[in-house]
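Chemist: First, the structure itself, so that you have it in front of you.
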Amino acid sequence: QVHLMESGGGSVQAGGSLRISCAASGDTSRTNCMGWFRQGPGKEREGVARIYTSTTGTWYADSVKGRFTISRDSAKNTVYLQMNSLQPEDSAMYYCAADKTPLSCAVVAGTWLAEEKYWGQGTQVTVSS
């Protein structure tokens with residue numbers, strides 16, 4: 001079992017920046033990738049970004065490319081999401097995710113799917129205009 005704990009969420013004004021963190025614990029020896037999903041009110045949960053734990057390979061949703069950057073600190077089993085130029089449409093609950101199987105790291109049709117994941121409890125990000 002892998003346990004994930006998010007932190008760093010909060011409220012910012014449009015155009016501002018925020019960095020959220022996700023610390024993994026438990027049996028992380030077989031984790032291949034970690035990343036972030038988000039879900040706003042009335043919206044589906046969508047993949048935002050992910051990174052492989054053993055390499056620097058990354059993926060970003062088109063909606064955040066150029067604004068968000070995912071990174072990792074392998075020694076701390078922690079991933080970060082630096083969010084710049086935040087807009088109201090970025091407001092959502094952000095959930096950390098880790099793969100259960102290697103296939104759950106794959107991007108299908110340009111989307112990182114939510115199946116076969118360990119989940120954190122989420123951290124709220126609110127952007128006001």
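The values are calculated or read from the model by the stated rules, or taken from the named source; none is laboratory data. Because the structure is a prediction, the values reported are computed rather than measured. Ideal geometry is used to build each Cβ from the backbone, glycine not excepted, and the neighbour counts take in all protein chains shown. SASA here: full protein model, heavy atoms, side chains in, ligands and nucleic acids out. Shrake-Rupley method; radii C 1.70, N 1.55, O 1.52, S 1.80 Å.
Chemist: Calculate the radius of gyration of the Cα atoms of the stretch 1-113 to one decimal place, then report Dmax, the largest Cα-Cα distance, as a whole number, both in Å.
Modeler: Rg then Dmax for the stretch 1-113, in Å: 13.4, 39.
Chemist: With only Lys, Arg, Asp and Glu charged, each at its Cβ (+1 for the first two, -1 for the last two), find how big the charge dipole of the stretch 72-129 is about the Cα centre; round to the nearest 20 debye.
Modeler: Dipole of the stretch 72-129, to the nearest 20 debye: 180 debye.
Chemist: Let me ask something additional. Per residue, how much accessible area does the stretch 29-83 show when a 1.4 Å probe rolls over the protein heavy atoms, in square angstrom?
Modeler: On the way: 2910 Å² over 55 residues.
Accessible surface, normalised per residue, equals 53 Å².
Chemist: For every other residue with a beta carbon closer than 12 angstrom to the beta carbon of G110, add +1 if it is Lys or Arg and -1 if Asp or Glu, then tell me the sum.
Modeler: Net charge in that neighbourhood comes out at -1.
Chemist: Can I ask one more? Where the accessible area of the chain is counted over protein heavy atoms with a 1.4 Å probe, how much of it, in %, is carbon and sulfur?
Modeler: Here it works out to 48 percent.
Chemist: With an 8 Å cut-off on Cα pairs and a minimum separation of 6 or more residues, tell me the relative contact order of the chain in percent.
Modeler: Relative contact order, the chain: 35 percent.
Chemist: Given +1 on the Cβ of Lys and Arg, -1 on the Cβ of Asp and Glu, and no further charges, what dipole in debye does the chain carry about its Cα centre, rounded to the nearest 20?
Modeler: I would put it at about 200 debye.
Chemist: Extension gain S74-E89, at 0.36 nm per residue separation less the Cα-Cα distance, in nm?
Modeler: Values: separation 15, 0.36 × 15 = 5.40 nm, distance 3.07 nm.
Full extension from S74 to E89 adds 2.3 nm.
Chemist: Further question: So if I take the centroid of the Cα atoms in the stretch 57-75 and the same for the stretch 85-124, what is the distance between those two points in Å?
Modeler: If you average the Cα positions of each part, the centres end up 11 Å apart.
Chemist: What does the highest-first list of 66-76, 35-45 look like by mean Cβ count within 10 Å?
Modeler: Those peptides, ordered most packed to least, come out 35-45, 66-76.
Chemist: Which of the lysines could a cross-linker span from K65 if the Cα-Cα distance has to be under 24 Å and same-chain partners fewer than 8 positions apart are dropped?
Modeler: Candidates past the 8-residue exclusion: K43, K117.
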